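Below: one structure, written as structure tokens.
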Amino acid sequence: MNEYVPLILKVVLALIIFHMILGLISYLIMLERKTAAWIQDRIGPNRVGPKGLLQPIADGVKFILKEEFIPKHADKVLFILAPIAILTPAMCGFAIIPWAGELAAGTRLPDWLPLLGGYEFTGNWPVVIMNSDMGVLIVLAAASLATYGVVLGGYASGSKYSFLGGLRATAQMLSYEIPLALSLMAVLVVSGTLNLNNMVNSQAHYFGGWLPAWNIFIHPLAFLVFIVCIFAEANRTPFDLPECESELVGGYHTEYSSMKFALFFLAEYGSMITGAAVMVALFLGGWHLPWLDKLIYGGTQPVAGGWGDVLLKFGVFWGKVIAFLFFYMWVRWTLPRFRFDQLMNLAWRGMIPLGLGTLILSSFVVYLEKQAGLKYAPLWICAGNIAIFVITLIVLKLMPAGQKNKRVFLPNSRYNPQLSRAVPAK
């Protein structure tokens, strides 16, 4: 029986994380509505339950009771598969997230647990569903697979608005996956591993005894590129062109209703949580608690610990994730959306060159460190990131401005720009 205990624990951890995320998504929607109300000086949902806390339950019941409708010209099979195809990759990304460090060897499971009670770990046990040495590649693969669900939803609906939304989403997601991968590779070159658990462990110390050795301080430009890309991958404002109401009614999910429509919402917020969790693990030290660890542990926070240590790390990790999710919402209700040409220019003329520059810089510094014994490599990489950003701003300032919007010739129209003055309407 003992040989199956680690596998059973992985299954239990997967169930706990999955149900936590489903519950969190429900209240994230409410938090978004409250955030919008706060920014717009409104009250927000406050009718269902005390302070509106039961609003997510009411929303869920409403979605379940809505009519299921499949358009006459839709491809029925693909129409049903699309929400599943977009939700599955969003949920798969959680498997490789290191949530709470490692349980130390010698830790025992409580005796009151049925079947598992009294089991003692013979080695450190990472609190991650799948501790894979290809973790970052799995993240990129899951992000790529989400494109298929969007394409299916747009194509199968038999609507021009859905189809145009699907085309926009495909172009946007494919364009921003390139700088996303480049920013990740810049971090991977320095870390020397694709395992997210090992990457978090490598950040659990300090530079100079006071500055956390987080990748945000080593790769600030890669962090900026990564944030922009995960906003675009999740189709969040100001990158919500695939579903902008003023142009495409509802985008690629215009024809969906009831729980099929709710699955698209679950996928969007699931992608937000995945992106935030990966960002925390890659750039913000994961479960590392800066400065306070010296008060709690009397020194640097250890990678492995007992049950109390794991629960503390779990809370720290989720605290960082929820803080960044609030940042998602703050940006959504603060910034206007781009035009589509601006969105694509930002990817191909902005994010991709910056991501490529950070990758070349990191590779060059690591090469000098290995071959020529270069000291203070993280400091050189940080300085190089800042230099690339400043140089890019200067170059953009000196480049000639692009062609501005101009009025189109409209034959027989009183708005014809070639007329010296507008002809008054009859």
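The values are calculated or read from the model by the stated rules, or taken from the named source; none is laboratory data. Quick caveat: nothing in here was measured; it's all calculated off a predicted structure. Here the Cβ positions follow ideal geometry from the backbone for every residue, glycine too, while neighbour counts run over all protein chains shown.
Regarding the stretch 338-361, can at least one residue be identified that is over 17 Å from Glu233 (Cβ atoms), surrounded by fewer than 20 Cβ atoms within 10 Å (Cβ to Cβ) and small (Gly, Ala, Ser)?
No, the stretch 338-361 contains no residue that is over 17 Å from Glu233 (Cβ atoms), surrounded by fewer than 20 Cβ atoms within 10 Å (Cβ to Cβ) and small (Gly, Ala, Ser).
Of all residues being on the phi < 0 side of the Ramachandran plot and assigned to a loop (DSSP other than H, G, I, E, B) in the stretch 87-102, which is farthest from the chain's Cα centre (by Cα)? Just the residue, please.
Of everything passing the filter in the stretch 87-102, Ala100 is farthest from the chain's Cα centre (by Cα).
For the list (1) hydrophobic (A, V, I, L, M, F, W, C); (2) in contact with a Ser or Thr (Cβ under 8 Å, 6 or more places away or on another chain); (3) at pLDDT below 80, I need the number of the one condition that Ile388 fails.
(3)
What number goes with the only condition from (1) assigned to a loop (DSSP other than H, G, I, E, B); (2) free of Cβ contacts under 8 Å to residues at least 24 places away in the same chain; (3) closer than 29 Å to Asn131 by Cα that Thr193 does not pass?
It fails just one condition, (2).
For the stretch 369-399, enumerate the residues that are loosely packed, with under 14 Cβ neighbours inside 10 Å and either within 21 Å of Ser191 (Cα to Cα) or touching a residue at least 12 places away in the same chain (Cβ under 8 Å) (or both).
Lys370, Gln371, Ala372, Gly373, Lys375, Tyr376, Leu379, Ala383, Ile386
Look through Ala186, Ala141, Ala105 and report the one residue that is within 20 Å of the chain's Cα centre (by Cα) and either surrounded by fewer than 16 Cβ atoms within 10 Å (Cβ to Cβ) or on the phi > 0 side of the Ramachandran plot (or both).
When all the criteria are applied, what remains is Ala141.
Does at least one position in the stretch 281-302 carry a residue that is among the small types (Gly, Ala, Ser), buried (at least 20 other Cβ atoms within 10 Å of the Cβ) and at pLDDT 90 or above?
The answer is yes, given that some residue of the stretch 281-302 is among the small types (Gly, Ala, Ser), buried (at least 20 other Cβ atoms within 10 Å of the Cβ) and at pLDDT 90 or above.
Tell me, yes or no, whether the stretch 328-335 has at least one residue that is within 17 Å of the chain's Cα centre (by Cα), modelled with pLDDT of 90 or more and under 24 Å from Leu289 (Cα atoms).
no
Residue pairs, Cβ under 8 Å, 6 or more apart or interchain, first in the stretch 214-233 and in contact (Cβ under 8 Å) with a residue 60 or more places away in the chain and assigned to a helix (DSSP H, G or I), second surrounded by fewer than 22 Cβ atoms within 10 Å (Cβ to Cβ) and charged (D, E, K, R). List them.
Matching pairs, first to second residue: Cys229/Glu177; Glu233/Glu177.
Within the set of pairs 6+ apart or on separate chains, which have a first residue in the stretch 161-182 that is under 26 Å from Leu282 (Cβ atoms) and touching a residue at least 40 places away in the same chain (Cβ under 8 Å), a second that is surrounded by fewer than 20 Cβ atoms within 10 Å (Cβ to Cβ) and polar (S, T, N, Q), and C-beta atoms under 7 Å apart?
Listed by first residue and then by second, the contacts come to Glu177/Ser144.
Checking the conditions here, which among Ala74, Ala90 is under 22 Å from Ile322 (Cα atoms), at pLDDT below 85 and either exposed (fewer than 12 other Cβ atoms within 10 Å of the Cβ) or not hydroxyl-bearing (Ser, Thr, Tyr) (or both)?
Exactly one residue qualifies, and that residue is Ala90.
Could you grab me the full set of residues in the stretch 361-397 that are polar (S, T, N, Q) and within 17 Å of Phe226 (Cβ to Cβ)?
The answer is Ser362, Asn385, Thr392.
Evaluate the following for Ala142: is it over 19 Å from Phe261 (Cα atoms) and out of contact with any helix residue (DSSP H, G or I) (no Cβ under 6 Å at 6 or more places or on another chain)?
Considered against the rule, which asks whether it is over 19 Å from Phe261 (Cα atoms) and out of contact with any helix residue (DSSP H, G or I) (no Cβ under 6 Å at 6 or more places or on another chain), Ala142 comes out as no.
Would you check which residues across the stretch 15-37 are within 10 Å of Pro56 (Cα to Cα) and without any contact (Cβ under 8 Å) to a residue 12 or more places away in the chain and list them?
The answer is Gly23, and nothing else.
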